[in-house]
Amino acid sequence: MLANIKLNSDLSKAKNTQILFADAIKTSHRIFMKRYNNNELKNYKYNPTFAASELGLDEELVGQLVEDYITQILNTRDQFYYLIDNINQEAKKIDLQNLAHKNLGVAKNLRIEDAQIFLKDLMLVADIGHLKDCVDALESCAFKLNPTYAFNVLHLMEVKNSF
């Protein structure tokens, strides 16, 4: 989803972020309806106050942990796809399950409900098309958590890849 989009240098940061956010919402809505027929989660919005209360942390710390999670998801997208494309190798299947499990623990701790669904499926489902949809949706969910921060991560990734 987002990795296929080149940031438009002719547009402002705010406009680029707005476009990517709209694409993230469309992607997650499409996948929730296509794969899960779940209208409730289609409109899910993360609540950091709930996570902070449940965890006994302040919202600022939860926000920093969410930013770390966003960075992790956006940075592992290519790794997820590589593992899915090579899932017929038992070692790659195990690596995919381990990567999803690691991220699932963070999503559970931070109470990110939509991401938990996709990460569980990445661990359990065998259908390659479904797995790729899960990675796209996971990326979209990460972007929706904090669009400005996610844009900055994507921009930094693009700059690094240009060298």
| Any residue at all in the range 33-51 that is modelled with pLDDT of 85 or more, of a type in the set (A, V, I, L, M) and either closer than 19 Å to Ile112 by Cβ or not in a helix (DSSP H, G or I) (or both)? | yes
| field | Cross-chain or 6+ apart pairs with Cβ under 8 Å, the range 138-163 first and farther than 16 Å from Ile112 by Cβ and at pLDDT below 90, then of a type outside the set (A, V, I, L, M, F, W, C) and not in a helix (DSSP H, G or I) | value | Glu158/Lys6
| query | Consider Val66 against the criteria (1) surrounded by fewer than 13 Cβ atoms within 10 Å (Cβ to Cβ); (2) part of a helix (DSSP H, G or I): it satisfies all of them except one. Which criterion is unmet? | reply | (1)
| query | So which residues in the range 1-32 are surrounded by fewer than 14 Cβ atoms within 10 Å (Cβ to Cβ) and either at pLDDT 85 or above or more than 17 Å from the chain's Cα centre (by Cα) (or both), if there are any at all? | reply | Lys6, Asn8, Ser9, Asp10, Leu11, Ser12, Lys13, Ala14, Lys15, Ala22, Lys26
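The values are calculated or read from the model by the stated rules, or taken from the named source; none is laboratory data. Keep in mind the model is a prediction, meaning the values are calculated, not measured. As a convention, Cβ positions derive from the backbone with ideal geometry for all residues, glycine included, and neighbour counts pool all protein chains shown.
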